[in-house]
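**Student:** Pasting a structure here, questions to come.
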């Protein structure tokens, strides 16, 4: 199952840096090992940065905090099917860093779970913070200068 969750900036950055490998959450979604968490940075509004983690263990901490669980998590691993699609469909493999194209360029982004989205390049987090999330991109069209 896939869960979309808000996460505060002070917790988000350590998750991205793989320093923070667990989340204390109310178990209102019946979390289970193998679930995917899409953690979206929230500072009162969504910042546009997000990452995914796979739940590796769910510890019931209800004796200490009723209704809560501690979710152990790890970054998802790209599958060989993801890379096969990159090779066969003209995708450009992405290993992180600064955005490779102008912000107004329309691109298709491939996430490490194999899904893809289309939008302007400035809509996605390209920095090292999102390393491991974007695995490939391809230019759809260029709509102008950086803005």
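The values are calculated or read from the model by the stated rules, or taken from the named source; none is laboratory data. The model shown is predicted, which means the values in this text are computed figures rather than measured ones. Quick reminder, even Gly has a Cβ in these numbers, built from the backbone with ideal geometry, and neighbours come from all protein chains shown.
Table: residues versus (1) part of a helix (DSSP H, G or I); (2) out of contact with any helix residue (DSSP H, G or I) (no Cβ under 9 Å at 6 or more places or on another chain); (3) closer than 26 Å to residue 110 by Cα.
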{"site": "6", "(1), (2), (3)": "no, yes, yes"}
{"site": "14", "(1), (2), (3)": "yes, yes, yes"}
{"site": "32", "(1), (2), (3)": "no, yes, yes"}
{"site": "47", "(1), (2), (3)": "no, no, yes"}
{"site": "52", "(1), (2), (3)": "no, yes, yes"}
{"site": "57", "(1), (2), (3)": "no, yes, no"}
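**Student:** Right, another one. State whether one or more residues within the range 35-44 are assigned to a loop (DSSP other than H, G, I, E, B) and under 16 Å from residue 76 (Cα atoms). Break it down stepwise before answering.
**Tutor:** Pass one, the range 35-44, residues assigned to a loop (DSSP other than H, G, I, E, B): 35, 43-44.
Now restrict to residues that are under 16 Å from residue 76 (Cα atoms): 35.
Yes, the range 35-44 contains at least one residue that is assigned to a loop (DSSP other than H, G, I, E, B) and under 16 Å from residue 76 (Cα atoms).
**Student:** Sticking with this structure for a sec: If I ask for residues that are within 16 Å of the chain's Cα centre (by Cα), crowded, with 17+ Cβ neighbours inside 10 Å and under 20 Å from residue 67 (Cβ atoms), which ones from the range 4-38 would you list?
**Tutor:** First, pick out the residues of the range 4-38 that are within 16 Å of the chain's Cα centre (by Cα): 4-9, 11-23, 34-38.
Retained after the next criterion (residues that are crowded, with 17+ Cβ neighbours inside 10 Å): 7, 12, 15-16, 23, 35, 37.
Within the range 4-38, 7, 23, 35, 37 qualify.
**Student:** Within the range 97-140, which residues are in a loop (DSSP other than H, G, I, E, B), surrounded by 15 or more Cβ atoms within 10 Å (Cβ to Cβ) and modelled with pLDDT of 75 or more?
**Tutor:** 99, 101, 102, 103, 104, 124 - these are the residues of the range 97-140 that are in a loop (DSSP other than H, G, I, E, B), surrounded by 15 or more Cβ atoms within 10 Å (Cβ to Cβ) and modelled with pLDDT of 75 or more.
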